[in-house]
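Presented below is the structure to which this report refers.
The values are calculated or read from the model by the stated rules, or taken from the named source; none is laboratory data. Because the structure is predicted, anything quoted here is derived from the model rather than measured. Methodologically, a virtual Cβ is constructed for each residue, glycine included, from the backbone with ideal geometry; neighbour enumeration extends over all protein chains shown. What goes into the accessible areas is simple: the full protein's heavy atoms, side chains included, and nothing from ligands, DNA or RNA. Shrake-Rupley method; radii C 1.70, N 1.55, O 1.52, S 1.80 Å.
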Amino acid sequence: MQKYYFLVLIIYTLFSSEVTGQNLQLNVSGKTSIETDVIDSLGYSNSHKNFISMESEIDSLRSRLNRIGFIENKLIEFKKKNDSVFDAKLHLKQKFNTIYIYHKNSSVNLQLLNTFSEEVTEDYFVINITNTETALNILNSELANQGNPFLRLKLSNITKKDSTNLKADLIIISKEKKRTIDAINIIGYDKFPKSYLKHYLKLKPSQLFNLGTIEKKTEQLNNLRFANQVKSPEVLFQKDSTSLYIYVEKSKSNTFDGFLGFGTNDETNKLEFDGFLNLKLINNLNYGETFSLLYKSDEIDQDTFDASLELPFLFNTPIGIDLNLRIFKKDSSFTTIDQKARINYQINPLHKISLGLSSIESNNLRSENTITSLQDYNSSFFTMSYQYLKPQFYDLLFPIKSNFYLDTNFGNRTSSETKTKQSLITLKAFNSFKLNRKNTIFLNVDAANLISDNYFENELLRFGGINSIRGFEENSLFASLFGVINTEYRYRLSNSIYVHSITDVAYFENKISNIKEKLFGFGFGFGILTNSGLLKFNYANGKNENQKFKLSNSKIHISLVANF
């Protein structure tokens, strides 16, 4: 057969001048019509420029036949039919369906084998012969990720088990011991807080080297406000060490947020203004810390001062601390001081839990105590909270995709030496449902419930305004229980401009006034990304369920969120 094959090659070479400049046609058939159908189903290239190309195509076709089980296929004929047509004939012989791969001495994890084999024992596993290459690639990749990136697999002693099955031995070739990470180097941001490597990314020296896991972990750098990954990590393998290089750059993370609101006073019919300033400083000390400062002045003579400090990974431990001071003053009626101290644990880049204590002190400022529901009191609570936060900082218009925050407080209120058990549950959650590149549905839920045997006016929950139900004055609604649902249909005009609708619904109860009421807010707004930051405009009209719409009840809110 080999002599015949070389004879064809010599004949083609002698008469090559006759076929120069024209395409050659290759026809491949099987020994039987059934074999020919199998060959045709695989497909092959008929047109070729020279004899070497045809030879390569036949070899490729035989390799594909091997992969689907015809491992004994044989070229029985290859001849020139005329000046431009060549015929090849293959004998496929017996098709083998499965292969039994023996792994007794390879220490392969049986759980891993179960991911691609339905029959796994202590000695062997069985796979469809068409899946052999894929299965070995998966197995090789997983074993390499267990600390040996230069490991190779091969099948040895491939023989017939019976008429339709094969058997083979799995051989693992490894010339070195398992590798661990010996050094982690940050390139581009030298002062990147090292505690984030250990406790946020869960990367540290002496860990078993697994490139796939490392790449997944370093992608979480993009979930940080103050840093992002420039490119994929790189690895330097030396004879006795493995060094990991992570490429990071520092991002602008400080924000200044402010808004100006105005509307008509129902009693005086005069235009009134309100607004707030919210400053957030992140990682200015290269520690990953966050300092927030909020000052709000409402149009109904309410002032709020709120300062908080978050220190993550104290003393290079997975534990962080949150401190908060909030002072609220209602005209000349009362002041409330709320202090919180919590420890938090970052489970992973998206999930965090917190435990702590809260202390509240409220003082009646009125000299005459004509309002019995307004009393001095002190409260102390044990708090537990959970937060899920999924950012998308690459989208400057909508940098946060999802947020879920649940806070529970259990404790006592003491007033006039009377102690009352209380609990407070707060839920804040939102998500952006992306329909396509331009259209998004935004859904936000904000709810709270203060559970007590009796209530004071100066401890009630306050809501309403641009960050609650829009179309109402800031913090103008007092409740013992409330729930707000905000919905927006957002249409992205460009990467820097979007418009949106406003549809807000709320329900609240005030057990002091015995009020149960539904509220609605409707309007529209837009956002523009400017050189200074994100400028937002909202126009909303609010009403209760028994009230007609009045233009005089409309509220306009303008805010600017600037990064620096």
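Within segment 43-62, the set of residues being open to solvent by 50 Å² or more (accessible area, probe 1.4 Å) and of a type outside the set (Ser, Thr, Tyr) comprises Asn46, Lys49, Asn50, Ile52, Glu55, Asp59, Arg62.
Results for (1) within 24 Å of the chain's Cα centre (by Cα); (2) within 26 Å of Ser554 (Cα to Cα); (3) at pLDDT 90 or above; (4) open to solvent by 70 Å² or more (accessible area, probe 1.4 Å), shown as yes or no for each residue.
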residue: Phe273; (1), (2), (3), (4): no, yes, no, yes
residue: Asn283; (1), (2), (3), (4): yes, no, yes, no
residue: Asn286; (1), (2), (3), (4): no, no, yes, no
residue: Asp298; (1), (2), (3), (4): no, yes, no, no
residue: Phe305; (1), (2), (3), (4): no, no, yes, yes
residue: Leu309; (1), (2), (3), (4): no, no, yes, no
residue: Leu323; (1), (2), (3), (4): no, no, yes, yes
residue: Arg326; (1), (2), (3), (4): no, no, yes, yes
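When you look at Asp59, is it of a type in the set (D, E, K, R), at pLDDT 90 or above and closer than 30 Å to Ser163 by Cβ, yes or no? It is true that Asp59 is of a type in the set (D, E, K, R), at pLDDT 90 or above and closer than 30 Å to Ser163 by Cβ.
Can you name the strands (runs of 3 or more DSSP E) wholly within segment 160-258 that have at least 3 residues being open to solvent by 70 Å² or more (accessible area, probe 1.4 Å)? Explain how you work it out, then say what you get.
Details: elements: 165-173, 183-187, 227-237, 242-250.
It comes to 227-237.
Against the list (1) open to solvent by 70 Å² or more (accessible area, probe 1.4 Å); (2) closer than 19 Å to Glu310 by Cα, the condition Lys434 fails is (2).
Restricting attention to segment 63-80 and to residues that are without any contact (Cβ under 8 Å) to a residue 60 or more places away in the chain, assigned to a loop (DSSP other than H, G, I, E, B) and open to solvent by less than 30 Å² (accessible area, probe 1.4 Å), the residue that is farthest from Ser29 (Cα to Cα) turns out to be Phe70.
Matching residues to (1) in a strand (DSSP E or B); (2) in contact (Cβ under 8 Å) with a residue 24 or more places away in the chain; (3) among the hydrophobic types (A, V, I, L, M, F, W, C); (4) surrounded by 16 or more Cβ atoms within 10 Å (Cβ to Cβ):
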| site | (1), (2), (3), (4) |
| --- | --- |
| Tyr498 | yes, yes, no, yes |
| Asp504 | yes, yes, no, yes |
| Leu519 | yes, yes, yes, yes |
| Phe522 | yes, yes, yes, yes |
| Gly527 | yes, yes, no, yes |
| Asn531 | no, no, no, no |
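Okay, residues lined up against (1) closer than 28 Å to Leu355 by Cα; (2) loosely packed, with under 15 Cβ neighbours inside 10 Å:
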| residue | (1), (2) |
| --- | --- |
| Phe398 | no, no |
| Thr440 | no, no |
| Asn444 | yes, no |
| Ile451 | yes, yes |
| Leu461 | yes, no |
| Ser468 | yes, no |
| Leu481 | yes, no |
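For segment 82-104, a residue qualifies if it is surrounded by 14 or more Cβ atoms within 10 Å (Cβ to Cβ) and assigned to a strand (DSSP E or B), and the qualifying residues are Phe86, Asp87, Ala88, Lys89, Leu90, His91, Thr98, Ile99, Tyr100, Ile101, Tyr102. In this structure, is Ile485 outside any strand (DSSP E or B) and either modelled with pLDDT of 90 or more or surrounded by fewer than 21 Cβ atoms within 10 Å (Cβ to Cβ) (or both)? No, not satisfied.
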